[in-house]
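Asks: To start, I am sharing the structure in question, which I have written as structure tokens.
The values are calculated or read from the model by the stated rules, or taken from the named source; none is laboratory data. Values in this document were obtained by computation on a predicted structure and should not be read as measured data. Note that we place each Cβ from the backbone using ideal geometry, even for glycine, and neighbour counts take in every protein chain shown.
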């Protein structure tokens, strides 16, 4: 019941907000923050209950729906899903709590956020392909409206491009899911059965096609170069909290999907193409970092670093899926790294996009060159931005390092050359973040920002929670690593 | 328990920052700040000493594969004690020497942030030298880099300082990549990151490991071709330079090769590479230091050169000798930097042509002279003992190496003499009085310098018969057997160097004309930075070009695939709108039909359908967009519902097939 409650409560909250027409902005906000915190608590509780020696999937709930078609309401988590879902719930709570101009539609805004929280968590908690697909698509709907209604700039156009692009990806997924469904006897959407039976092993062309469709669909969502171009524009025009959710949670659906479906259900096919996937990942790492460095727009720059970081994640998954039996510890290391990267990136980039939101609320300006010297004017903002930037560039003591170190150490044992090339990414990321910090906070301050306000308590409180979480993961990650390790060991076949 | 040694200063730093913000702007504030900072360093020193006596250790489990561990070896004990010792004096100095960067017109405040960062820096360095595994080492390795970024950027209102700080951080992080690779290679070979397991490493993985570690160490200790980052680091405040050069950042590089010498010497090429790097840097650094007219840059080049000599000793197979030279050099170089800082406060700039403060500051001049003589390698100062040992060590490999090392020693004598005479010589030509606008120095600053010089004097004990051997036993290190001819040659070259230094200063005195361009380029590491800047400019152009490419080609190309690959963004958008308007209501019907078709064509493969799918998707979504524009969003929900209905139909068909 705990997982159903995790999904259901925010959905219920969204419905309540939708019908309670008399609520003021403050009431709606407080209510939404309160409701959004419930999944965090529930998932934390599940985390404490999780048996690291137990089965892969735990807290399983199954309610038959259309038994003749093998459809059922199935929820359950392994350590990886639980870690990502908890992070997502936290990023949602933080984004909902982050103050924003709701344009006199507070109920609608918070309702959409809660709706999106519910369906996004659904993606990570679903154990049924169809359920996964439904949640996956509904998350697009939620984000479409958040960008379109509360965005700025060419918000409608960006929302539209985002929707169109990722919907194409999800249609591919649907086809592939149907293929998977038909490949198993008796037909079922149950992920556990599909993972256990590996139905398409040795299936030749059809396995290859289904695999391609899956990977393309998830690559668009992740996104991986060259199907990434929806991302920067969607980010630039989205409101800060929506960007935080988009980068922090929605992108994870792509990489989590790769891990949960092609990696877990089509191990043999995945191993055959692992090197190609790893190559795409390395291209994403370098390309994302280089293009980010070339951006003069604050939000676009951070958006492109997401491509770089998702590249690390995909690299880790690809390495984990490469069938080198003698390097099983290295593969496990890479898989742990990929998962930690998802968690770390969600928290760190979530914080960075919220910071972008704070900039926009104050100045409506993203051009880096127009800023400078804000360190004295806004010391709190500067502190959190510097902390998050260093976390994003992988400084030890912060979560990004734990992730990237695992990934590189694992990759090297399997594809040494890719590790050597990929590690260059952290140098470029360092350059681009240092330059960004310099342009924002150091040097001389232009006169026009003399009235620039520092963060308000609601803002720094939220950023403080996110920062604390990625600092804790950076220093004492064992609580996270133990949880992930329990599932990663099973998934790479070491136990 | 050993964790306390690095953690104490790291945790004390934020506390001190918080307390320090409440300090008064007057001198009492500086006194409190200096005392607090020095006290933290002293406690760290005491903790390290107790840890050494008590044989402390520590392990911290991250996961089943990664266990962070710290421990004490003789080499790490020496570093763990020297670092806070030097830092105590430097922190006390900086509380008086520096100020919080403020806009003009505001009274100066004690440098709280700087002192807090310096103590954190000490903590990171302690972690580095106590690390017993590659992950802990890498953590500390990158933390010292980040600390030095923040320290160099102390005067943050100057955008140039930030650029220099980033440059220093990036060059050393480039080296850090080597450590990432080395750690990965160790893991691939042994399944663990512990130093203790490194002996199991062999084959190409060992080569990779050593190459990565050498890269990391060379970048940190500013060996060729990474030397110029030390010049960039000169944008930082003087005490930062002193700590960086004497005990922390630069020392980290040599520490690594000393600590892992046994493992690294297992590959045949390590010795020759270390000797080549070290000798080349020692010679080139000597020439650069000789040509420099900027006091701090002269010292920076000398740092590269001296660490080059230490690399030479390690490459020749005597890491213990390098360890001793690190200690003697630490006192000498810290004293010289503090002296340069004091000189700047009187002369108003770091240009050596404007100093010659000997008559004005006789006490400072004498204290500096002790350090200068030690740097020059004059007997009986401690630095000369360790330098002679290095020459002997080189002689163990080949006599001609000893000769070259002795020449490098002669160059040290040359630039040390030049520094001393120009900065604190009897002012024949330059001004001898403090310009009235200059602040001068405080007694704490002078006291720190005196104590460091006294330390240099105490180290002369190394020449006392028997002390060397006792030390070797204590640290369980090997010392080479001294050969008489090498000692004589080396002393001859030192004398020659000092003489040449006098001569050079006289020439400079009579010829104050501006440096020629070649001279300036050579004094700036033979134009290496200019080369690097060109490289960076190219890189930035490349990334901007790539960003444009990404906007125009990749985005448009993908968008256009359904329409036409070549049309521009706006053109595409226009057609897009047309289609959206045209599409109208019938699209939903077409969408349903199309979905059915897809299920029909399942056998032909999904990829075939993908292209047409995109075009159809555009049509369908175009309709949605239109509805959004007209505000009829409920149509959209209908569409979604219809979509699901279609999905279920397909599923039904699929199930029946």
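Asks: Given the conditions (1) surrounded by fewer than 22 Cβ atoms within 10 Å (Cβ to Cβ); (2) within 13 Å of another protein chain (Cβ to nearest Cβ), report the number of the one that residue A:363 does not fulfil.
Replies: (2)
Asks: State yes or no: is residue B:143 assigned to a helix (DSSP H, G or I), within 13 Å of chain A (Cβ to nearest Cβ) and surrounded by fewer than 24 Cβ atoms within 10 Å (Cβ to Cβ)?
Replies: For residue B:143, the condition - assigned to a helix (DSSP H, G or I), within 13 Å of chain A (Cβ to nearest Cβ) and surrounded by fewer than 24 Cβ atoms within 10 Å (Cβ to Cβ) - is met.
Asks: Kindly indicate whether residue B:15 is in contact with a helix residue (DSSP H, G or I) (Cβ under 8 Å, 6 or more places away or on another chain) and on the phi < 0 side of the Ramachandran plot.
Replies: no
Asks: Now for a separate question. Kindly establish whether residue B:83 is in contact (Cβ under 8 Å) with a residue 12 or more places away in the chain, surrounded by fewer than 18 Cβ atoms within 10 Å (Cβ to Cβ) and either not in a helix (DSSP H, G or I) or not assigned by TED's automatic domain parsing to the domain that holds residue B:325 (or both).
Replies: no
Asks: Just one of the numbered conditions (1) over 27 Å from residue A:301 (Cα atoms); (2) touching a residue at least 12 places away in the same chain (Cβ under 8 Å); (3) out of contact with any strand residue (DSSP E or B) (no Cβ under 9 Å at 6 or more places or on another chain) is not true of residue A:245; which one?
Replies: Here residue A:245 meets the rest and fails (1).
Asks: Read through the list (1) closer than 25 Å to residue A:402 by Cβ; (2) out of contact with any helix residue (DSSP H, G or I) (no Cβ under 7 Å at 6 or more places or on another chain); (3) more than 12 Å from chain A (Cβ to nearest Cβ), then give the number of the only condition that residue B:202 fails.
Replies: (1)
Asks: On the given criteria, is residue B:209 within 10 Å of chain A (Cβ to nearest Cβ) and either surrounded by fewer than 21 Cβ atoms within 10 Å (Cβ to Cβ) or in a helix (DSSP H, G or I) (or both)?
Replies: The answer is no for residue B:209.
Asks: Here's another thing I want to ask about it. Of everything in the range B:59-71, what is away from every other protein chain (no Cβ under 14 Å) and modelled with pLDDT under 90? Give them in sequence order. Spell out the reasoning first.
Replies: Quick first cut of the range B:59-71, residues away from every other protein chain (no Cβ under 14 Å) only: B:69-71.
Correct list: empty.
Asks: Same structure again: Conditions: (1) more than 9 Å from chain B (Cβ to nearest Cβ); (2) more than 22 Å from the chain's Cα centre (by Cα). Residue A:409 meets all but one. Number of the miss?
Replies: Of everything listed in (1) more than 9 Å from chain B (Cβ to nearest Cβ); (2) more than 22 Å from the chain's Cα centre (by Cα), residue A:409 misses just condition (1).
Asks: Being facing another protein chain (nearest Cβ under 9 Å) and closer than 13 Å to residue A:406 by Cβ is the filter here, so list the residues in the range A:481-493 that pass it.
Replies: A:481, A:484, A:485
Asks: Okay, next question. Enumerate the pairs (first residue in the range B:459-478 and outside the structural domain of residue B:384 (by TED's automatic domain parsing) and touching a residue at least 24 places away in the same chain (Cβ under 8 Å); second residue anywhere and in a helix (DSSP H, G or I) and surrounded by 11 or more Cβ atoms within 10 Å (Cβ to Cβ)) with beta-carbon separation below 7 Å, excluding pairs fewer than 6 apart on the same chain, so at least 6 apart or on different chains.
Replies: Taking only residues 6 or more apart or on different chains, not a single pair turns up.
Asks: Additional query: Can you say whether residue A:208 is more than 23 Å from residue A:345 (Cα to Cα), at pLDDT below 85 and either at the interface with another protein chain (Cβ under 8 Å from one of its Cβ atoms) or touching a helix residue (DSSP H, G or I) at 6+ places or on another chain (Cβ under 9 Å) (or both), as far as the supplied structure shows?
Replies: no
Asks: A further question on this structure: Would you mind listing the helices (runs of 4 or more DSSP H) fully within the range A:99-204 where at least 2 residues are at the interface with chain B (Cβ under 10 Å from one of its Cβ atoms)? Walk me through how you get there before you give the answer.
Replies: Numbers: elements: A:106-125, A:129-150, A:155-183, A:191-197.
Output list reads A:129-150, A:155-183.
Asks: Would the range A:47-56 turn up any residue that is farther than 28 Å from residue A:190 by Cβ and either within 25 Å of the chain's Cα centre (by Cα) or in a helix (DSSP H, G or I) (or both)?
Replies: No: zero hits.
Asks: Same structure again: Condition first: surrounded by fewer than 24 Cβ atoms within 10 Å (Cβ to Cβ) and in contact (Cβ under 8 Å) with a residue 60 or more places away in the chain. Now tell me which residues in the range B:180-197 satisfy that.
Replies: B:191, B:192, B:194, B:195, B:196
Asks: Still on this model: Take the conditions within 21 Å of the chain's Cα centre (by Cα) and farther than 22 Å from residue B:393 by Cβ and apply them to residue B:305. Does it pass?
Replies: no
Asks: Follow-up. In the range A:12-30, which residues are surrounded by fewer than 19 Cβ atoms within 10 Å (Cβ to Cβ) and assigned to a helix (DSSP H, G or I)?
Replies: Selection gives A:12, A:15, A:16, A:18, A:19, A:25, A:26, A:27, A:30.
Asks: Within the range A:435-453, work out how many residues are away from chain B (no Cβ under 12 Å) and under 28 Å from the mean Cα position of the chain (by Cα).
Replies: Total satisfying the criteria: 0.
Asks: In the range B:106-140, which residues are in contact with a strand residue (DSSP E or B) (Cβ under 8 Å, 6 or more places away or on another chain) and more than 11 Å from chain A (Cβ to nearest Cβ)?
Replies: B:130, B:131, B:132, B:133
Yes or no, residue by residue, for (1) touching a helix residue (DSSP H, G or I) at 6+ places or on another chain (Cβ under 8 Å); (2) at negative phi; (3) surrounded by fewer than 24 Cβ atoms within 10 Å (Cβ to Cβ):
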position	(1), (2), (3)
B:336	yes, yes, no
B:353	yes, yes, yes
B:356	yes, no, no
B:362	no, yes, yes
B:371	yes, yes, no
B:375	yes, yes, no
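Asks: Mind listing whichever residues of the range A:418-434 are at the interface with another protein chain (Cβ under 7 Å from one of its Cβ atoms) and either farther than 19 Å from residue B:542 by Cα or not in a helix (DSSP H, G or I) (or both)?
Replies: A:419, A:420, A:423 - these are the residues of the range A:418-434 that are at the interface with another protein chain (Cβ under 7 Å from one of its Cβ atoms) and either farther than 19 Å from residue B:542 by Cα or not in a helix (DSSP H, G or I) (or both).
Asks: Which one of these does residue A:315 not meet: (1) in a helix (DSSP H, G or I); (2) within 19 Å of residue A:440 (Cα to Cα); (3) more than 11 Å from chain B (Cβ to nearest Cβ)?
Replies: The number of the failed condition is (2).
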